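First comes the structure, then the notes that go with it.
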Amino acid sequence: MVRSQEVDWERLDKKKFFVQGAAVFSTLTGALFPLTVVKTRMMALDGAHTGISGAIYTARDVVRSDGIKGLYRGFGTVIVGAIPARMVYLAALESTKSAISASMHHIPSLSQTIVASSASFVAGGVASLAGQLVVVPVDVISQRLMIMGGGSSGQGGDSYSSRPMSTSNKSTKGTIPAPSGTRASSTTNINGFTLAQKIIREEGIRGLYRGFGASVATFVPSSAIWWSAYGGWQAFLWKSLDRIQENRNSSAPLARTEGQLLAVEVVAGVLTGCTSASLTTPLDVVKTRLQTRDSANTSMTRSGSAAPTWRSTAAELIKNEGLKGLFRGVAPRMVSTSIWGTVMVTTYEFLKRLCMLPPEEEAI
């Protein structure tokens, strides 16, 4: 029997936490990566099929054109970038949450649920903001790799070298033409490092931060909402279990089994994952569109045309497809976020307990 308790930043073995965390979360990223590829293609390509059936169609299309490896396009870039990004994110998350929780505990009128939810909200937002400095360049490169090739969902081209076609021609639904004078096979074999060099050469360093504002607008509130909801739900569920124990007229504190810990974490993870995904999908769609804009857009901008903005991209999408266009890829995103969120948080909580400093070292 174990007691449920928050393992805060000061009680963690940092080296063990980061090393083991990198291995664990890289494995989880690999397991769920195909869903990310499908979601990205659905969001980035004009006229792509939507909903669950659209996700299945897109996945089959990628496999038919590029094989199973097509579902892992950009994976290497994501893994390499995810390690430093995750270190920054987790350090900011835990240190901020510990500091805010400690200060709020001095206010007696605040309930444990409010303290946990508020501290997690601020910590989640701060962590995401810090992490975007590393995450955005990785996103730009990996997302452009993801929508290369892929048959009718991106035939022979890539997001960087060729502009998505409009939805007016239904026979080319969701297609991206191969760049003129370039064979499709040569573009689909490009790797993350080569693509990064190409972006810098043609667009400058700012090209790697395309959609930074939209990314911050998407993931900062998403992270804040996720951790706030999770912290609040977790505190609420434990409080409910405490009341059950009190109703049994037991004076002893409630002991937690590993099963109870897992159940609370899973329920809170599923609820917060679905909520966060449904609320922030429109922002993610616009962000993805901005980040997968090609060099043709850059050339147009230099020749006098206005550069695409968050507002203009959203307006164009709504004009062409209506409000439903802002919810492209919501189905795979909800599935991915719910699965990832639940698995991530249960693994994360277990990892924190595993990396907790021995009592004699905590006092040092």
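Every number here is computed from the coordinates shown, using simple stated rules; none is lab data. Keep in mind the model is a prediction, meaning the values are calculated, not measured. Neighbour counts run over all protein chains shown; Cβ positions are idealised from the backbone, glycine included.
The stretch between Ile200 and Ala99, if pulled fully straight at 0.36 nm per residue, gains 32.5 nm over its current Cα-Cα span. For Lys69, the lysines whose Cα comes closer than 18 Å to its Cα, not counting residues fewer than 8 places off in the same chain, are Lys39. Exposure proxy shown here: for Tyr230, Tyr72, the number of other Cβ atoms within 10 Å sets the order, fewest to most, as Tyr72, Tyr230.
With the highest mean first, a sort of the peptides 201-207, 123-129 on other beta-carbon atoms found within 10 angstrom per residue produces 123-129, 201-207.
Footprinting exposure proxy ranking of Asp66, Asp242, Asp61, Asp139, fewest other C-beta atoms within 10 angstrom first, gives Asp242, Asp66, Asp61, Asp139. Close amide H contacts of Ile147 (hydrogens built in the peptide plane, cut-off under 5 Å, sequence separation of 5 or more or a different chain): Ser159.
Determine, from the Cβ-Cβ distance of Arg243 and Leu28 and an R0 of 30 Å, the FRET efficiency 1/(1 + (r/R0)^6), rounded to the nearest 0.05. Approximately 0.30, to the nearest 0.05. Between the amide H of Leu357 and those of Leu12, Asp13, distances stay under 5 Å, these residues lying 5 or more places away or on another chain, with hydrogens modeled in the peptide plane. As a rough footprinting exposure proxy, the listed residues Arg64, Arg289 were ranked by other beta carbons within 10 Å of their own, and the order from fewest upward is Arg64, Arg289.
Set the Förster distance to 41 Å, then compute FRET efficiency between Lys69 and Glu10 from the Cβ-Cβ distance, nearest 0.05.
On the way: r = 44 Å, r/R0 = 1.07.
According to the calculation, E is roughly 0.40.
For region 287-292, the Karplus equation 6.51 cos²θ - 1.76 cosθ + 1.60, evaluated at θ = phi - 60°, returns couplings of 4, 5, 4, 5, 6, 9 Hz by residue, with Gly and Pro reported as x.
Counting only lysines at least 8 places from Lys14 when in the same chain, those with an alpha carbon closer than 29 Å to its own are Lys97, Lys352. In order along region 124-132, the phi-based Karplus estimate (6.51 cos²θ - 1.76 cosθ + 1.60, θ = phi - 60°) of 3J(HN,Hα) comes to x, x, 5, 4, 5, 4, 5, x, 4 Hz; Gly and Pro are listed as x.
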